[in-house]
1. Please give the number of the condition A:Ile263 fails out of (1) more than 29 Å from A:Glu135 (Cα to Cα); (2) out of contact with any Asp or Glu (no Cβ under 9 Å at 6 or more places or on another chain); (3) buried (at least 17 other Cβ atoms within 10 Å of the Cβ); (4) β-branched (Val, Ile, Thr).
2. Yes or no: the stretch B:10-20 includes at least one residue that is over 18 Å from B:Lys179 (Cβ atoms) and either part of a loop (DSSP other than H, G, I, E, B) or in contact with a Pro (Cβ under 7 Å, 6 or more places away or on another chain) (or both).
3. Quick one: in the stretch B:73-127, of everything that is among the hydroxyl-bearing types (Ser, Thr, Tyr) and out of contact with any strand residue (DSSP E or B) (no Cβ under 7 Å at 6 or more places or on another chain), which residue is nearest to A:Met141 (Cα to Cα)?
4. Which members of the stretch B:155-174 meet the condition of being farther than 13 Å from B:Asn237 by Cβ, in contact with a strand residue (DSSP E or B) (Cβ under 7 Å, 6 or more places away or on another chain) and more than 7 Å from chain A (Cβ to nearest Cβ)?
5. For the list (1) out of contact with any Lys or Arg (no Cβ under 7 Å at 6 or more places or on another chain); (2) assigned to a helix (DSSP H, G or I), I need the number of the one condition that A:Arg172 fails.
6. Which residues, counting only those in the stretch A:127-144, are touching a residue at least 24 places away in the same chain (Cβ under 8 Å), surrounded by fewer than 24 Cβ atoms within 10 Å (Cβ to Cβ) and facing chain B (nearest Cβ under 7 Å)?
7. Evaluate the following for B:Trp292: is it in contact (Cβ under 8 Å) with a residue 12 or more places away in the chain, more than 21 Å from B:Gln199 (Cα to Cα) and among the aromatic types (Phe, Trp, Tyr)?
8. Among the residues of the stretch A:1-11, what is the count of those that are crowded, with 23+ Cβ neighbours inside 10 Å and out of contact with any His (no Cβ under 7 Å at 6 or more places or on another chain)?
Protein chains: 2
Amino acid sequence: MRYLITGGAGFIGSTIVDKLLEDDINEVTVFDNFCSGKLSYIEKYLNNKRFKLIKGDLLDLSLIKESIKDHNFIFHFAANPDISKAMIETDLDLRLSIIATYNLLEAMRLNRIKKIVYSSGSGVYGDVGLTETPEDFGPLMPSSMYGACKLGSEAIISAFCNMFDMQSWIFRFANVIGKNQTHGVGFDFINKLKKEPKQLTILGDGTQSKSYIHVNDVIDAILFVAKKTNEIVNIYNVATDDYITVNEIASIVIKEMNLENVIFEYTGGKRGWKGDVPIVRFNLEKIHKLGWKSKYNSKEAVKRSIREMLNKEVVAKK
Amino acid sequence: MRYLITGGAGFIGSTIVDKLLEDDINEVTVFDNFCSGKLSYIEKYLNNKRFKLIKGDLLDLSLIKESIKDHNFIFHFAANPDISKAMIETDLDLRLSIIATYNLLEAMRLNRIKKIVYSSGSGVYGDVGLTETPEDFGPLMPSSMYGACKLGSEAIISAFCNMFDMQSWIFRFANVIGKNQTHGVGFDFINKLKKEPKQLTILGDGTQSKSYIHVNDVIDAILFVAKKTNEIVNIYNVATDDYITVNEIASIVIKEMNLENVIFEYTGGKRGWKGDVPIVRFNLEKIHKLGWKSKYNSKEAVKRSIREMLNKEVVAKK
């Protein structure tokens, strides 16, 4: 199988590159603009004959048209990782999510490539408090441009699948964390505490409560669902069965960094930023019925990812 | 109140201009690129001091930013009227729907304009057969770029409302018909039969069955709902309570044109074109509960619109 991974030098993308290249029959092309992706995540493959790297941007339609030739399966992970930035640069997600996704689909159509995995997220559901959202939840009223443009991208994928006989697997992920993460609350806390180990500024009031899933579980879910399902458009929530607050994450980071007497400062309000969704609850019946559950719960995933980011030893869970 | 109507020289837009200018306290600006809009629909207002015409395109962000100043309420009707064209020009709806809507919202944000009415449609629901879709139906898997980009636009409106304290009324309309319509099945049948009165080519098998609503009912619903509701994002289906097939519409057109012995030719298949949704069923409980029902049913609306297009006398229903 010949895979092309957009955002393949990024956090989730580079992790799936690792996984796919474990199998000798797979060939992998990484397509990345290195805005948030890092060469260090994939440089070990640069001399691998089954690996190819293309430095390029999905906004360059002619380049992606050319690059995509002769692949069978597209994994689309390229995205804007900074959700809050849309408050000042309102067209950021429009370009990096919707237009990028459209260009990719158009390149697929022109090259008769039929299969795509898309990395969506809980942002499509908007701010619905403690409601556990199943995949058929509605009405969908996203509260951030990030969520809105994920939903717009899902919709365009659905239209292309129907109009041009393609097939898609759309995953609405919880907060994905792990070794190569380039953003996110745990990542931020480590960086802040390395600079200033006595004080930690927390956005909002720290009670924001969401599911955090380890990237290894995410890769596992993608490959499991893609193998087991065969609808034209396959939409699945992927999350842990539990939740963890920002305050609890802060405590784990402090403990793993062996710090003491850290003073918490809160920016206040329920939300980390305008458009942030403070509470996220997934309904996971659909993926459970298919036979998949996460290996790590949120607390385990956070602890593991913090240790990985700190380059501490981690033990794989059986 | 100072209204700006995008697509204000088009079918639905020009009809609401008529309605709004009936009230002396209203001022109306029409913003239209005249791709499908017609000067003849609004030229009677060109010397009206409460009316202003701007020939411009929503893809020109700096023009809409300037044009929108000092308005209180935006009615966003500009759209690509040709749903099937996306099969060959796949980015048409992306530009004319999503990017145009984003530009409009950005212009509103920069000018602190808070209220928008958006003309969406049944296309957001995808092809779900006889299922009567309520506003909270899911999962939303549009089967055309037209529907996908309506959904993407809804999502971006929702995000802007949440992030920048705006308020929106999103209407998912059935097939809207009436005097100034510039496209649609009845419109096409009249034009075809004027050229060739002995034969009529029908796309698909003629059994496509949908709700057709008269534009006067649509304007009535918009003003009724905007007055009665006050959520941040207000989403409403607007349709008649019944349905009519393409074959029945053909018969009405032939009768109203006083033709006989017309031979029907079918292009075949269930759909008029790839991405067409052959059966559309709305759940209308939400708008019924609010106290609104259409004055004309589908058959009455079709008959009335055909007579209006043929410049025949119509009698208003009380």
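1. Among (1) more than 29 Å from A:Glu135 (Cα to Cα); (2) out of contact with any Asp or Glu (no Cβ under 9 Å at 6 or more places or on another chain); (3) buried (at least 17 other Cβ atoms within 10 Å of the Cβ); (4) β-branched (Val, Ile, Thr), the lone unmet condition for A:Ile263 is (3).
2. No.
3. Ranking the candidates gives B:Tyr102 first.
4. Result: B:Ile157, B:Cys161, B:Met166, B:Gln167, B:Ser168.
5. Exception for A:Arg172: condition (2).
6. A:Glu135, A:Phe137
7. Judged against the criteria, B:Trp292 is a match.
8. The total comes to 6.
The values are calculated or read from the model by the stated rules, or taken from the named source; none is laboratory data. Not measured: the values here are computed from a predicted model. FYI the Cβ positions are ideal-geometry reconstructions off the backbone, even for glycines, and counts take in every protein chain you see.
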